[in-house]
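Below is one structure, written out as structure tokens; comments come after it.
The numbers here are math on the coordinates, done by the rules we state, and not lab data. Just so it is clear, the structure is predicted and the values come from calculations on it, not from any experiment. A quick note on method: Cβ atoms are made from the backbone with ideal geometry, for glycine too, and the neighbour counts reach across all protein chains shown.
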Amino acid sequence: MSTRMPDENDPRRCTAKSSRSQQRCKKWAIEHGTVCRTHGGAAPQVRKAALDRLESLVFPALNTLRKVIDNPEHPFNVRAAFGVIDRTIMRLGGEQTRKIQKTRKKK
């Protein structure tokens, strides 16, 4: 993450609150998570939940992409849709990205 502090309403900001002041933590949440390392973001179960949240977005995104590809008159740009899917899958490890590219080239 960046070294700058997140804005007050930034959704990537840690959601933990101080028990004394009731103010929200000012640190960045871990990637794809809701809390910073200080508030439990380094715990294995929290990191797994963050990865699970990201993985849960893959199949809906692929289904939307399939609808765009199957409909030649769809107003969305197919290249933009592929870019989003590609970046999402790369964050999950990148191996699936190469498989999609090979499949796409064969058609």
Which members of the range 9-23 meet the condition of being out of contact with any helix residue (DSSP H, G or I) (no Cβ under 7 Å at 6 or more places or on another chain) and either surrounded by 16 or more Cβ atoms within 10 Å (Cβ to Cβ) or in contact (Cβ under 8 Å) with a residue 12 or more places away in the chain (or both)?
-> 12, 13, 15
For the range 13-26, name all the residues that are out of contact with any Gly (no Cβ under 9 Å at 6 or more places or on another chain), closer than 27 Å to residue 55 by Cβ and part of a loop (DSSP other than H, G, I, E, B).
-> 15, 25
